[in-house]
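Q: Starting off with a structure, shown below.
The values are calculated or read from the model by the stated rules, or taken from the named source; none is laboratory data. Given the structure is predicted, the values throughout are model-derived calculations rather than measurements. For neighbour counting, all protein chains shown are included, and Cβ atoms are generated from backbone atoms with ideal geometry for every residue, glycine included.
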Amino acid sequence: MRPLAAPRTLAYAGLITIATWCGGEAVADVHAVPPSATPTVPPAQAVVGEGSAAKRAAVHSVDLHAAELTALSDRIWAYAEIALRETRSAAALADYAEKHGFRVQRGVAGMPSAFVATYGQGRPVIGIMGEYDALPGLSQKAIAEQSPLVKGGAGHGCGHNLFGAASLGAAVAVKEQIAAGRLAGTVVFLGTPAEEDIGGKIFMARDGYFDGIDAVFAWHPADKTQADILTGQAMVDLEVEFHGRAAHAASDPWNGRSALDALELFTHGINLMREHMRPESRVHYTIAAGGDVPNVVPAYAKAWVWLRDAKRSEVESLLARTRLLASGAAEMTETSAEIKVRGGSWEVLLNEAGTRLVDANLRWLGPPVFTEQEQAFAREIQRATGVPELGMATGIKRVEEQTEEGGSTDVGDISWVAPTLNLSVATSPIGAPWHAWPVVATAGMSIGHKGMLTAAKVLAATMTDLYERPDALAAVQAEFQARKGGVVYESYVPDGPPPVPND
Ligand SMILES: [Zn+2]
């Protein structure tokens, strides 16, 4: 295992006493405790009641800033900047934070579009993450039929314009309560770029920007509203390269050793391995290089492979087996194999105490309420994409009802560094394709705005709980330590700066 990068930057040094990680070997076997195996959170922990004065004021703050937050979200939607190029989007959020009195560090962890905004002092230190990267090729107008705004342009097909604006809205709401003396402690907004690519959070965590944070929040646009209790999938991203010897494919093929032969045997091995993997495991690959012309024995071939499972321990096991497949394929073809791990992420470490707290605030505030016109807009999208015409979700999914879906996020890594509380809010029609034009369309109009403002209020309310109720924060932290079970977080990203494009 690669040792931890050291020394770490202690981002909040001077504000608080920091317990930082120690380096060394990561424990390979990660056994996340299923939700049912942990003691049930006593009902008192999740009680919201009428809400304290600070909580009501924090929620009111989101209403007061609703127009500004909506404009901020729409600006980022229009910028539609992809991973590591989201500099104007980051600047829009950072400027807004600065205007509201936050101390802002821009361009952190080697990424021009990463920033940290801090307000207050002392503990608790409550963090909140905001994403703002778009996806290439998904440009779309805010209308109910597929129509690009900019031909070939990018679009917010994961709704991250809403993500960034709502999270910052919640951070500002909490800041105002600290400024008014209703809450004591520090609030940190982490502007986390490139979720759709390298996972900016992982580099920020590696460089210490999450150290000393007592609990951290995230949310995500969705087609449903719920306090999340889902692990997602751990993932590792690797390149497998084969090196052989070129020769004329007709006149002296005996002098050649085909790297493509090795790659074919390797992918055949992957596909046979599928029968002997756990049902939750996923392996997908592309052939990134396989020779140039048929009359040259290919000296070089490359596969790009992703391995996923609900647990990092299984991903580690798949990685070990993939290494064997590559070396076996190389041996059979008298070529050589090289494996480069490009990155990866951990599964989300559940925190049921945190989920119950988010759920209580979500139920107190209620899900977004959509008009008949908005429901009709959603149904029109569903008709256009061939999914059942169910409109927008109007309820709140119970914690017990949630089921895992495939996918990985760099929030997973953070959940092993600090207790992480997650929320999903409906911003897109039920069942409509994700990472696709419907998500862009609704993220740029009233449906997305409503989801964004609901998210900001629920996050602000739950953050307030953690400042006002040491028992609630202690329960979240105790569960974090218990589930982590001594595992030392170690990121999959290689040492050195993140691969930021310099054009
Ligand atoms: Zn996303």
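Q: Kindly indicate whether any position in the stretch 243-257 is in contact with a Phe, Trp or Tyr (Cβ under 8 Å, 6 or more places away or on another chain), more than 29 Å from Val425 (Cα to Cα), in a strand (DSSP E or B) and away from the ligand (no atom under 16 Å from the Cβ).
A: Yes, because at least one residue in the stretch 243-257 is in contact with a Phe, Trp or Tyr (Cβ under 8 Å, 6 or more places away or on another chain), more than 29 Å from Val425 (Cα to Cα), in a strand (DSSP E or B) and away from the ligand (no atom under 16 Å from the Cβ).
Q: What tally of residues in the stretch 168-201 results from selecting those that are of a type in the set (Gly, Ala, Ser) and within 16 Å of the ligand (Cβ to nearest atom)?
A: Here is the first cut: in the stretch 168-201, the residues of a type in the set (Gly, Ala, Ser) are 169-171, 173, 179-181, 184-185, 191, 194, 199-200.
Add one more test, that the residue is within 16 Å of the ligand (Cβ to nearest atom), and what stays is 191, 194, 199-200.
Adding up the residues that qualify gives 4.
Q: Return yes when Ala461 is under 23 Å from Ala171 (Cα atoms), at pLDDT 95 or above, over 17 Å from the mean Cα position of the chain (by Cα) and within 16 Å of the ligand (Cβ to nearest atom) and no when it is not. Reasoning before the result, please.
A: Details: under 23 Å from Ala171 (Cα atoms): yes; at pLDDT 95 or above: yes; over 17 Å from the mean Cα position of the chain (by Cα): yes; within 16 Å of the ligand (Cβ to nearest atom): no.
Taking the combined requirement at face value, the residue does not satisfy it.
Q: So, one more: Return a yes/no flag: does the stretch 361-377 have any residue that is in a loop (DSSP other than H, G, I, E, B), touching an Asp or Glu at 6+ places or on another chain (Cβ under 8 Å) and crowded, with 24+ Cβ neighbours inside 10 Å.
A: no
Q: Can you give me the number of residues within the stretch 202-225 that are within 23 Å of Arg85 (Cα to Cα) and within 12 Å of the ligand (Cβ to nearest atom)?
A: Final tally of qualifying residues: 4.
Q: Which residues, counting only those in the stretch 383-417, are assigned to a helix (DSSP H, G or I) and within 25 Å of Lys484 (Cα to Cα)?
A: Passing the criteria: Val399, Glu400, Glu401, Val411, Gly412, Asp413, Ile414.
Q: While we're here: Are there any pairs, at least 6 apart or on different chains, whose C-beta atoms fall under 8 Å, with the first in the stretch 138-166 and of a type in the set (Asp, Glu) and the second away from the ligand (no atom under 16 Å from the Cβ), and if so, which?
A: Glu145/Glu380; Glu145/Ala384
Q: Same structure, new question: How many residues are more than 16 Å from the ligand (Cβ to nearest atom) and of a type outside the set (D, E, K, R) when one looks only at the stretch 141-167?
A: Taking the stretch 141-167 first, the residues more than 16 Å from the ligand (Cβ to nearest atom) are 141-153.
From what's left, of a type outside the set (D, E, K, R): 142-144, 146-150, 152-153.
Adding up the residues that qualify gives 10.
Residue-wise test of (1) crowded, with 24+ Cβ neighbours inside 10 Å; (2) in contact with a His (Cβ under 7 Å, 6 or more places away or on another chain); (3) at pLDDT below 95.
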residue: Glu81; (1), (2), (3): no, no, no
residue: Ala114; (1), (2), (3): yes, no, no
residue: Ile143; (1), (2), (3): no, no, no
residue: Lys151; (1), (2), (3): no, no, no
residue: Gly157; (1), (2), (3): yes, yes, no
residue: Ala166; (1), (2), (3): yes, no, no
residue: Gln177; (1), (2), (3): yes, no, no
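Q: A further question on this structure: Residue by residue through the stretch 326-346, note down the ones that are surrounded by 15 or more Cβ atoms within 10 Å (Cβ to Cβ) and in contact with a His (Cβ under 9 Å, 6 or more places away or on another chain).
A: Ala329, Ala330, Thr335, Ser336, Ala337
Q: Would you be able to tell me the number of residues in the stretch 75-134 that are in a loop (DSSP other than H, G, I, E, B) and not aromatic (Phe, Trp, Tyr)?
A: Within the stretch 75-134, residues that are in a loop (DSSP other than H, G, I, E, B) and not aromatic (Phe, Trp, Tyr) number 19.
Q: For Asp237, state whether it is surrounded by fewer than 23 Cβ atoms within 10 Å (Cβ to Cβ), closer than 19 Å to Asp133 by Cβ and away from the ligand (no atom under 15 Å from the Cβ).
A: So Asp237 fits the description; yes.
Q: Residue by residue through the stretch 413-432, note down the ones that are farther than 11 Å from Ala222 by Cα and not aromatic (Phe, Trp, Tyr).
A: Across the stretch 413-432, the qualifying residues are Asp413, Ile414, Ser415, Val417, Ala418, Pro419, Thr420, Leu421, Asn422.
Q: Further question on the same structure: Going through the stretch 101-146 one residue at a time, which ones are among the polar types (S, T, N, Q) and in contact with a helix residue (DSSP H, G or I) (Cβ under 8 Å, 6 or more places away or on another chain)? Step through it out loud before you land on a result.
A: Step one: filter the stretch 101-146 for residues among the polar types (S, T, N, Q), giving 105, 113, 118, 121, 139-140, 146.
Answer for the stretch 101-146, where residues must be among the polar types (S, T, N, Q) and in contact with a helix residue (DSSP H, G or I) (Cβ under 8 Å, 6 or more places away or on another chain): Ser113, Ser139, Gln140, Gln146.
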